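The values are calculated or read from the model by the stated rules, or taken from the named source; none is laboratory data. Worth saying up front: this structure is predicted, and the values here are computed from it rather than measured. Cβ placement follows ideal geometry from the backbone for every residue including glycine, while neighbour counts extend to all protein chains displayed.
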Amino acid sequence: MTTIQTQENPLGYKPIPSLLKSFAIPSIIAMLVSSLYNIVDQIFIGQGVGYLGNAATNVSYPLTTICLAISLLIGIGSASQFSLYLGAGEQKKAESVVGNGIAMMLTFGILYAVLIEVFLHPLLLAFGATPANLSYAETYSRIIALGMPFQVVTTSMSNLIRADGSPRYSMTCMLIGAIANTILDPIFIFIFDLGVAGAAWATIIGQFLSFLAAIAYIRRFKTVEVRLSDVRLNLQETLRTAALGMSNSLNQVGITLVQIVLNNSLTYYGALSEYGTDIPLAACGIVMKTNAILLAVIIGISQGSQPIWGFNYGAEKYSRVRQTYRYSVTLCTVIATIFFICFQFFPHQIVGIFGNGSDLYFHFAEKYLRIFMLMTFANGIQPMSAGFFTSIGKARLGVIMSLTRQVLFLLPLIVIFPVFFGIDGVMYAGPIADTSAFVLAVVFARRELGVMKAAEQNA
């Protein structure tokens, strides 16, 4: 039987830098590991199959981002509600959140896999597949769809495990699968000569191993006791979970929509340029997945901060909430600046990691990376703020923050700009959207922190 901790939760009294270190580092590693599945696949596919294989993985990438959107909806939503209940001392409600979250993971994961298998061909065409890469994309996607339930459960559970005060276990769950995937990719692709199918099977095996580790934690919760009777869908709890997880989920949905529109824009305008259709697709995939590494770090910091924000806000310890936000934003900005330097000064080396190609391919990919990621140094504030508002129960503000960069700014720009500037218009849309989202995030965050400060002074 699980031993319930009765002593005061360290989230309420331990120094913020120490807490952030213990929670954020495992969370960052876990998110990086999750992102590395597709990146490792793309690297080995690029080396073993070529740029058409890279283009194919880029076409199927929206399936992965949608899976992550579902996982964050359930995982972040459940973890945020869980932390708020723990901070308020409502033990039974915290137990109910965990049980409902597990039921949601299983239900939504299986449903998503079935939908992919049924509608895969039209989905890939909608995602921008070309005659040259469609067969590769279909082979890869049909296999990875089988692993989607494992991925939903693992990613969602990792957030609950972290909120329970076990960030290292959360990290280990993700790490197990990533290591297996990295080992199996070259074996299946090069030794067994399975091509893109080999990369997909390596991914599934890794996801299954992570799934087993995550499920094993259910009987090990430290702050609550989870019984089998708790694992059931509760409509009210599901709606609350969805509301709190919506901001992070919508951010991924926004990324998915942008990816789809990007793929189709690059295919259309690429055909009108010297680059053709598949070079821009392959280059875009590299840029998006390289940027995914940065996003994984930022989201990892945000997720590591989530239990601290949620618990202390629930306990009305607003000074600790504000201090955590300041530390988190500073850390995100420093890391984003390092990535900016890499993107601007080492684009050739970054593109080269993902395989070889023609001079024309390298020219476009390097140019795309430099221009599209020009405002990288400011890109930590917006996703961090989205996670912040969600963690303190301000779901509506979290949703607004999540929609700004991808949906409100970037999506219209990548549709409008190419009409006037051709394929270069896609590149210039990136930094303009990033700047706009940054300004809006700063305004909203400053206002909310000011409200908390005033509440402190009046207490």
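Below, the figures for the structure above:
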| read-out | value |
| --- | --- |
| Selection within the range 226-282 - under 28 Å from TYR361 (Cβ atoms), over 25 Å from the mean Cα position of the chain (by Cα) and of a type in the set (A, V, I, L, M, F, W, C) | ALA271, LEU272, ILE279 |
| Cross-chain or 6+ apart pairs with Cβ under 7 Å, the range 441-458 first and within 16 Å of THR324 (Cβ to Cβ), then of a type in the set (Lys, Arg) | LEU449/ARG322; MET452/ARG322; LYS453/ARG322 |
| Unmet criterion (only one of (1) in a helix (DSSP H, G or I); (2) more than 12 Å from ILE298 (Cα to Cα); (3) out of contact with any Cys (no Cβ under 9 Å at 6 or more places or on another chain)) for ALA386 | (2) |
| So MET174, is it over 24 Å from LYS317 (Cα atoms), buried (at least 23 other Cβ atoms within 10 Å of the Cβ), touching a residue at least 24 places away in the same chain (Cβ under 8 Å) and under 17 Å from the mean Cα position of the chain (by Cα) | yes |
| Conditions (1) among the hydrophobic types (A, V, I, L, M, F, W, C); (2) surrounded by fewer than 24 Cβ atoms within 10 Å (Cβ to Cβ); (3) touching a Lys or Arg at 6+ places or on another chain (Cβ under 7 Å); number of the one not met by ALA437 | (2) |
| Any hit, the range 87-102, residues being charged (D, E, K, R), over 14 Å from LEU244 (Cβ atoms), surrounded by fewer than 24 Cβ atoms within 10 Å (Cβ to Cβ) and in contact with an Asp or Glu (Cβ under 7 Å, 6 or more places away or on another chain) | yes |
| Whichever residue in the range 361-395 is of a type in the set (Lys, Arg) and modelled with pLDDT of 90 or more and, among such residues, is nearest to CYS342 (Cα to Cα) | ARG370 |
| Subset of the range 236-275 (residues that are closer than 15 Å to VAL426 by Cα, out of contact with any Pro (no Cβ under 9 Å at 6 or more places or on another chain) and not in a helix (DSSP H, G or I)) | LEU272, TYR275 |
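For (1) part of a helix (DSSP H, G or I); (2) acidic (Asp, Glu); (3) within 20 Å of THR107 (Cβ to Cβ), each residue gets a yes or a no:
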position: SER135; (1), (2), (3): yes, no, no
position: THR139; (1), (2), (3): yes, no, no
position: PHE150; (1), (2), (3): yes, no, yes
position: VAL153; (1), (2), (3): yes, no, yes
position: GLY165; (1), (2), (3): no, no, no
position: SER170; (1), (2), (3): yes, no, no
